[in-house]
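The structure under discussion appears below in the form of structure tokens.
The values are calculated or read from the model by the stated rules, or taken from the named source; none is laboratory data. Predicted model, so just to flag it, every value in this text is computed and none were measured. Using ideal geometry, Cβ is built from the backbone for each residue, glycine included, and neighbour counts are taken over all protein chains shown. Protein only, heavy atoms only, side chains kept; ligands, DNA and RNA dropped before computing areas. Shrake-Rupley method; radii C 1.70, N 1.55, O 1.52, S 1.80 Å.
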Number of protein chains: 2
Amino acid sequence: MKFEKLKKELMNRNINLSYHRMKILEYLDKNRCHPTVDQIFTDIQKTIPTLSKTTVYNTLKKLVEEDLVRVINIEDNETRYDINTEEHGHFKCETCKTIFDFEIKLESIPNDGLDNFKVFDRHVYFKGICPGCLRV
Amino acid sequence: MKFEKLKKELMNRNINLSYHRMKILEYLDKNRCHPTVDQIFTDIQKTIPTLSKTTVYNTLKKLVEEDLVRVINIEDNETRYDINTEEHGHFKCETCKTIFDFEIKLESIPNDGLDNFKVFDRHVYFKGICPGCLRV
DNA sequence: TACAAGTTTGTAATAATTACATTATACTAT
DNA sequence: ATAGTATAATGTAATTATTACAAACTTGTA
């Protein structure tokens with residue numbers, strides 16, 4: 001989703017677009033590398049020195065509740081956030097640690113065992129080595 | 001994998017099957033509910049009061065390195081462990097919090113975008129509501 | 001202008017995990 | 001059997017991520 005559209009989405013839902021919230025949203029929009037809370041906090045703090053980490057947590061929590069941001073849990077010790085809520089999988093390179101997005105048709109996954117389950121949320125992540133690191 | 005086979009696997013790899021390690025392995029074999037470190041520790045401590053949590057962490061780390069146990073990261077705050085290393089997906093019920101296994105053919109997932117990637121590890125997890133909780 | 005609701009901050013508390021030094025156990029060669 | 005070595009287990013302390021909460025600040029509105 002584009003930044004302008006995201007802003008509108010928030011306004012539609014009566015969510016106040018305060019300065020901090022906007023900067024966090026803008027950051028997520030520009031840095032689609034699935035940043036951690038710490039990365040978001042550290043980077044934005046450079047321009048807004050009074051930003052507090054709690055605000056980052058609060059804002060992300062809000063955005064996740066509103067389905068504008070997705071949580072990614074690949075590694076145990078780092079929760080990452082993704083503003084791309086469209087259907088896609090994640091690939092984490094174990095060498096350079098980069099997380100790549102890849103297209104995936106989740107509804108094409110056969111899941112006979114889940115006939116009577118109501119499924120809200122589908123996550124797929126792979127691990128391995130990316131082409132760049134393989135070449136070295 | 002059966003418990004006896006797991007033991008043999010460890011011995012093949014020259015991994016000392018100490019009493020604690022064996023108890024942890026046995027626990028994972030009997031409790032295929034994807035327990036957290038804390039659950040494992042708390043339960044086994046009832047029979048081995050001198051067990052330390054560090055030992056649980058150490059043992060699990062070893063087992064994961066040897067590919068006898070898999071790490072499951074669904075929620076940000078709880079790392080779970082699964083002795084079932086055969087290909088399967090996980091479904092977490094958001095109501096009762098139970099994690100179900102389901103069959104999945106991971107190689108059937110189309111992933112055109114990953115042509116030049118080397119993939120080691122494929123994880124799939126869904127969230128939603130299980131039949132039992134839906135019925136209520 | 002003043003109130004109420006919502007936002008941000010800062011500090012403290014909690015919880016999971018890791019680091020590390022020490023002790024215990026088991027294995028090997030003499 | 002015994003000394004020596006490597007591995008395993010323990011306990012404590014440190015680190016890190018996250019949450020709880022109270023206080024201060026903003027903003028919109030009556």
Out of B:122, B:21, B:80, a Gaussian network model of chain B with alpha-carbon springs under 10 Å gives the largest mean-square fluctuation to B:122
Taking Cα atoms only, helix A:53-65 is inclined relative to the longest principal axis of chain A by an angle, in degrees rounded to 10, of 60
From the cross-link list A:5/A:105; A:61/B:61; A:92/B:46; A:53/A:118, the entries with a Cα-Cα span beyond 29 Å are A:61/B:61; A:92/B:46; A:53/A:118
Phi angles of region B:5-20, converted by Karplus (6.51 cos²θ - 1.76 cosθ + 1.60, θ = phi - 60°) into ³J(HN,Hα) in whole Hz with x for Gly and Pro, give 5, 4, 4, 4, 3, 5, 5, 3, 8, 6, 9, 4, 8, 5, 4, 4
If the label point sits 7 Å along Cα→Cβ of residue A:135, residues of region A:96-115 with amide N under 20 Å come out as A:96-102
The size of the Cβ-based charge dipole (Lys, Arg +1; Asp, Glu -1) of the protein assembly as shown about the Cα centre, to the nearest 20 debye, is 680
In deg cm²/dmol, rounded to the nearest 500, the helical mean residue ellipticity at 222 nm of chain A, built from -39500 (n - 2.57) for every DSSP H run of length 4 or more, is -11000 deg cm²/dmol
Shortest first and in nm, the label-point separations between residue B:132 and its counterparts in the other identical copies (7 Å out along Cα→Cβ) come to 4.6
Residue-ordered couplings for region B:70-87, obtained by feeding phi - 60° into the Karplus form 6.51 cos²θ - 1.76 cosθ + 1.60 and rounding to whole Hz (Gly and Pro as x), are 10, 8, 10, 10, 10, 9, 5, 9, 8, 8, 10, 10, 10, 7, 7, 9, 6, 4
For residue B:81 the rounded accessible area (nearest 10 Å², probe 1.4 Å, non-protein molecules ignored) is 20
On the accessible surface of chain A, probed at 1.4 Å with all protein chains in place, carbon and sulfur together account for a percent value of 47
Where a ≥ b ≥ c are root eigenvalues of the Cα gyration tensor, a/c under 1.5 meaning rounded, otherwise prolate if a/b exceeds b/c and oblate otherwise, region B:7-50 counts as oblate
Quick shape check on region B:3-82: root eigenvalues a ≥ b ≥ c of the Cα gyration tensor, a/c under 1.5 is rounded, otherwise prolate if a/b tops b/c, else oblate, and it reads oblate
The lysines whose Cα lies under 18 Å from the Cα of residue B:8, excluding any fewer than 8 residues away in the same chain, are B:23, B:30, B:62
Row for chain B, column shape: gyration tensor on C-alpha, a ≥ b ≥ c, rounded if a/c < 1.5 i.e. under 1.5, prolate if a/b over b/c, else oblate; value oblate
The answer for region B:3-82, accessible area per residue at 1.4 Å probe in Å², is 55
To the nearest 20 debye, chain B has a Cα-centred charge dipole, built from +1 on Lys and Arg Cβ and -1 on Asp and Glu Cβ, of 600
Sorted shortest first, the nm distances from the residue A:107 label point (7 Å along Cα→Cβ) to its counterparts in the other copies are 2.7
Computed over chain A: longest principal axis from alpha-carbon atoms vs helix A:37-47 long axis, angle to nearest 10 degrees, is 30
quick note, the protein assembly as shown, DSSP beta bridge pairs, % antiparallel (nearest 5) is 80
Eigenvalues of the alpha-carbon gyration tensor of region B:89-135, times 5 and square-rooted, give semi-axes in Å, largest first, of 29, 9, 9
Taking the dipole of region A:89-135 about the Cα centre (Lys, Arg +1; Asp, Glu -1; charges at Cβ), the one of A:99, A:132, A:89 that reaches farthest to the positive side is A:132
Projected convex hull area of the protein assembly as shown, Cα atoms, direction-averaged, in nm², equals 18.4
Relative to the compact-globule estimate 2.2 N^0.38 Å (N residues), the Cα gyration radius of region B:39-82 stands at a ratio of 1.22
As a percent rounded to 5, the proportion of antiparallel DSSP bridges among beta bridges in chain A is 70
Here the correct list, in nm and shortest first, of distances from residue A:22 to the same site in the other copies, label points 7 Å along Cα→Cβ, is 6.7
